[in-house]
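J.: Take this structure first; my questions come after.
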Amino acid sequence: MKIRLLAGGCALAALTFSGLSATADPADDTLVLNGETEMVTHTEKAPDYIDGLTEQYSGWLFREADTRVMQADDFDNPGMLGVEAAAEVWNTVEGSEGKSCASCHEDVETSMKGVRTQMPKYNEAKGTMYTMEMYINECRTERMGAEEWGWTSDPMINMTALISSVSRGMPMNVAVDGPAKPFWEQGKEMYYTRYGQLELACANCHEDNYGNYIRADHLSQGQTNGFPVYRLKQGALISQHNRFKGCIRDTRAETFKEGSPEFIALELYVASRGNGLSVESPSVRN
């Protein structure tokens, strides 16, 4: 696995600096969830505050036809197993206060609808940017009297998938101004900063070279409206910060930890690049 990652990184460096690579347009396709809900996977105009994109494409449009079909039907989407597991936990009493998630929030499909569209979000009470994982652990420790979940633990990833799933079809709409602005600016700086021995930034792949191929990988814009995603090559649901770690590691750099201030800021900035695209979580990717 390590050899494959390093080889992929070398191929990426060659692509970035030479511009020589096979290319293919995003698929000309429409994502209709369960035959009912049409998703916005492409816009002809990116947000004005994004300098490097003229239009937006969901990562779904860069996947093979069988993967796109898999995501379009909840019965075929393997990520929905995590959603179903979390739905049971939602109603399970835990902790010293004798509460479940439902004790305060009642029906998840009603109370959590729209939450994913705004994540991450500035927490006024805490005075900092909060991700969905942080809000979940705050509820567990401060209201339920339960132990917090690990950032990449199955219960956490499943719960973020459940909460995200009830917002599918709604447009991403994270704040980039007000108290969120300094975090957004930090994330933007990271996005354009070159890391590692290969000296690559997020923008080198997902802005300058989306549509190009690195071996069999069709580079997307790196949109995060589908996270958590079920990644076929890992056979599991993964979080945004897990994917950030993988990308930075591929540049041969020391990476940041899940939940670090750096990754929280990066999550906000990257999410803002997809404002207007539909929430797809849990999506399916290679």
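J.: So for the chain: antiparallel DSSP bridges make up what percent, rounded to the nearest 5?
T.: In the chain, DSSP labels about 80 percent of beta bridges as antiparallel.
J.: Which three extents, in whole angstrom, do the alpha-carbon atoms of region 178-286 cover along their principal axes, largest first?
T.: 38, 34, 25
J.: Follow-up question, since we're still on this one. Over the chain, with the other protein chains present, what is the accessible area per residue in square angstrom, probe 1.4 angstrom?
T.: Value returned for the chain: 47 Å² of accessible area per residue.
J.: Search the structure for amide H atoms under 5 Å from the amide H of Met129, placed 1.01 Å from N in the peptide plane, and list their residues when 5 or more places away or on another chain.
T.: Asn123
J.: Checking a compactness column here: for region 37-284, what do you get for Rg(Cα) / (2.2 N^0.38 Å), N being the number of residues?
T.: 0.98
J.: Take each of the peptides 241-254, 26-39, 213-226, average the number of other beta-carbon atoms within 10 Å over its residues, and list them starting from the highest.
T.: 213-226, 241-254, 26-39
J.: Relative to the first principal axis of the alpha-carbon coordinates of the chain, what is the inclination of helix 240-250, with its axis defined by its Cα atoms, in degrees from 0 to 90 and to the nearest 10?
T.: 30
J.: Going highest first, how would you order 42-50, 137-145 by mean Cβ packing within 10 Å?
T.: Top to bottom by mean Cβ count within 10 Å: 137-145, 42-50.
J.: Moving on. Filter the cross-link list Lys126/Lys188; Lys121/Lys257; Lys45/Lys181; Lys121/Lys245; Lys99/Lys257; Lys45/Lys233 down to pairs whose alpha-carbon distance in this structure exceeds 25 Å.
T.: Flagged as over cut-off: Lys99/Lys257; Lys45/Lys233.
J.: Taking H placed 1.01 Å from N in the peptide plane, check which residues at least 5 places from Leu277 or on another chain put their amide H under 5 Å from its amide H.
T.: Met172
J.: Sticking with this one: Does anyone have the angle between helix 154-165 and the longest principal axis of the chain? Alpha-carbon axes, 0 to 90°, nearest 10?
T.: Result, in degrees: 90.
J.: For Ser167, which sequence-distant residues (separation of 5 or more, or a different chain) have an amide H within less than 5 Å of its own amide H, given hydrogens modelled in the peptide plane?
T.: Hits under the 5 Å cutoff: Gly114.
J.: Separate question: Specify the angular offset, from 0 to 90 degrees and rounded to the nearest 10, of the alpha carbon long axis of helix 181-191 from the longest principal axis of the alpha carbons in the chain.
T.: 40
J.: Return the whole-Å distance between the Cα centroid of region 57-96 and the Cα centroid of region 116-192.
T.: Comparing the Cα centres of region 57-96 and region 116-192, I get a distance of 18 Å.
The values are calculated or read from the model by the stated rules, or taken from the named source; none is laboratory data. Because the structure is a prediction, the values reported are computed rather than measured. Using ideal geometry, Cβ is built from the backbone for each residue, glycine included, and neighbour counts are taken over all protein chains shown. Just so you know, the surface numbers come from the protein's heavy atoms only, side chains and all, with ligands and any DNA or RNA stripped out. Shrake-Rupley method; radii C 1.70, N 1.55, O 1.52, S 1.80 Å.
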